[in-house]
Amino acid sequence: MSTSNATGSFTVWDYVVFAAMLIISAAIGIYYAFVGGGQKTTKDFLMGGRSMTAVPVALSLTASFMSAVTVLGTPAEVYRFGAMYAIFAISYTFVIVISSEIFLPVFYRLGITSTYEYLELRFNKVVRILGTLIFIVEMVLYTGIVIYAPALALNQVTGFHLWGAVISTGIVCTFYCTLGGLKAVIWTDVFQIGIMVAGFVSVIIRSVVVQGGIGTILNDSYHGGRLHFWDFDPHPLQRHTFWTIVIGGTFTWTAIYGVNQSQVQRYIACKTRFQAKLSLYINLLGLWAILACAVLSGLCLYSIYKDCDPWTSGSVSAPDQLMPYLTLGIFQDFPGLPGLFVACAYSGTLSTVSSSINALAAVTVEDLIKPYFKSLNDKKLSWISQGASVFFGAVCIAMAAVASSMGSLIQAALSIFGMIGGPLLGLFSLGILFPVANSTGAIVGLISGFVISLWVGIGAQLYPPSAERSLPLYLNTKGCNFTSAHLDGNWTSTIAVPTMSTLGQTQVHERPAIADNWYSLSYLYLSLLATLVVIIVGIIVSLLTGGRNQNVNRDFLLGRQDVSSCDFLPCYKKDKVDNIEVLDWKPYPALDEGIDNPAFNQVETKFPENKQQLSDAHI
């Protein structure tokens, strides 16, 4: 197997499995378009009526960003750079704790639909609009990547037209998202995460059988340098080390789980704060499971192709095509299983794209339309939400063309969240954690962080880091049969990822000195850099512009009512009966209901009374 380039081909059963996944996903959207009277209001369409429970939301959270980028990109990452990527399990733990204990309580207590409503409550309308526009750019770019990823898989294993696959992906997502709203998105995610796990597990099991046991795979990986986990080099220019993954990865993914609308919108749709927090912690288990599957799949890739790398031998045109190539090779005698893996990659994309479309529709209606067209009734706003879903579905399909030139999928995806998500994380942290911050500091800090992160991120795209910084591992082609190692005429060369030799060639005389220093900063530190710039600049500017003298509503800051164990343990209040103190043994009920943002509705006319109402809710 290790020296063969022979692969199977798609059969009727593969198409049946693939089509069944699409049909079931579309059927879920149709079901939620009509069940319970359909999506009559924006609350139903965008927030699922705030009636969701922890388990489906947790599975949806896992599916939303563990997408085709994970299915295709992470195994390729492990194949080329080793299993150090598994250290992200530590990052995910920090991310979930920070998101559930700092950001979730504030967002849930205010009952907001769009996270950017918070920015107006805490600062002003200008900050809200800036945050909304940056989020829209971020999600459109990211969604373009995850639409493009499974199209790559289809193109590789079936010869299906690349852009035909891109367009069909967008159309199916837009269809069920527009019909069924958030409930359809969440329940299709639940179905699709099952397909993703099944696809991974089938590849791992078959690879273990082909290689004669898991011991062979681990032994090959060890001798190939793929099991080197612990690199404690503190140098910030090294692409992946323990510190870049744990520290940089924590900031990168907190920008996703803590403040990104498409994730926040799910857990604040839960019926209680307990359910919302529980969904995040259950989701952590899902993140660990998917990460383990992806890393092990990458080790299987290396074990099978350790003597003949399909990429450098020319059997595939990009590392992100390795997983579908492996699938056809090991499942050529098992009709239907290649279709399961393609459905796995496609499921990841459907879940992520539908989440993005729904979030983009939410911020468009809540931040760009509703505040300025107050005469619109709820039914009209619901229609506008559905129209926005259709519009953003089309935009995301168009942006897939940009993704075709962004290089490695996993790095491109996380780089976008670093460059664009980092400044937003800094902005929300400034508002929630620092009472001194004012609107002037927020605006100047946000712009400063955005400019710095774009400067480094775009510079890194123009001048990729040297092989000395990225440290790709050795790939062998000595065992290849080059007479069969060629590309089929139907396949399309799409992503040009530099090889070790071309990376060495980038060290030309025209390369500026800044490229090997500033631009070579690990892509995982982009979010950390942007967040710190926003906070530091924001605090300094706020202090210089009267931040200490402003009267900040404490309900918009993280407070004692938000830092509580009462979500998971019974809390007791002292009460008096006949002047004797007794304990009320009922669980502390505060924050169990998600309210529909009374703070925002009355922020201009009845602010003092509203503040008292919010405070009373926690007594």
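Values quoted throughout were computed directly from the atomic coordinates according to the rules given, and no laboratory measurement underlies them. Since we're looking at a predicted model, the values are computed, not measured. Counting neighbours? That spans all protein chains shown, and the Cβs are built from the backbone with ideal geometry, glycine included.
Could you tell me the calculated FRET efficiency between L557 and I447, based on Cβ-Cβ distance and R0 = 22 angstrom, to the nearest 0.05? After rounding to 0.05, the efficiency reads 0.45. Within region 74-94, name every residue whose backbone N is under 16 Å away from a label modeled 7 Å from Cα of Y281 along the Cβ vector. Residues 93-94 qualify, since their backbone N sits under 16 Å from the label point. Simple spin-label estimate for I458 and I24 gives 4.4 nm between the two label positions (7 Å along the Cα-to-Cβ direction from each Cα). With a Förster radius of 51 Å applied to the beta-carbon distance between T477 and K379, the computed FRET efficiency rounds to 0.20.
Note down the nm distance, to one decimal, between modelled labels 7 Å out along Cα→Cβ at Y15 and at N219. Going from the Y15 label point to the N219 one covers 4.3 nm.
Averaging over all projection directions, the Cα-based convex hull of region 191-301 occupies 9.2 nm² in the image plane.
If R0 equals 22 Å, the separation of the Cβ atoms of N124 and I540 corresponds to a calculated FRET efficiency of about 0.70.
Greater than 25 Å separation of Cα atoms is the criterion. Which listed pairs, K277/K374; K183/K277; K125/K374; K277/K380; K183/K370, meet it? Among K277/K374; K183/K277; K125/K374; K277/K380; K183/K370, the Cα-Cα distance tops 25 Å for K277/K374; K277/K380. With both labels modelled 7 Å from their Cα along Cα-to-Cβ, the A289 to Y31 distance reads 1.9 nm. Taking a ≥ b ≥ c as the square roots of the eigenvalues of the Cα gyration tensor, region 283-329 is classed as prolate, since a/c reaches at least 1.5 and a/b is larger than b/c.
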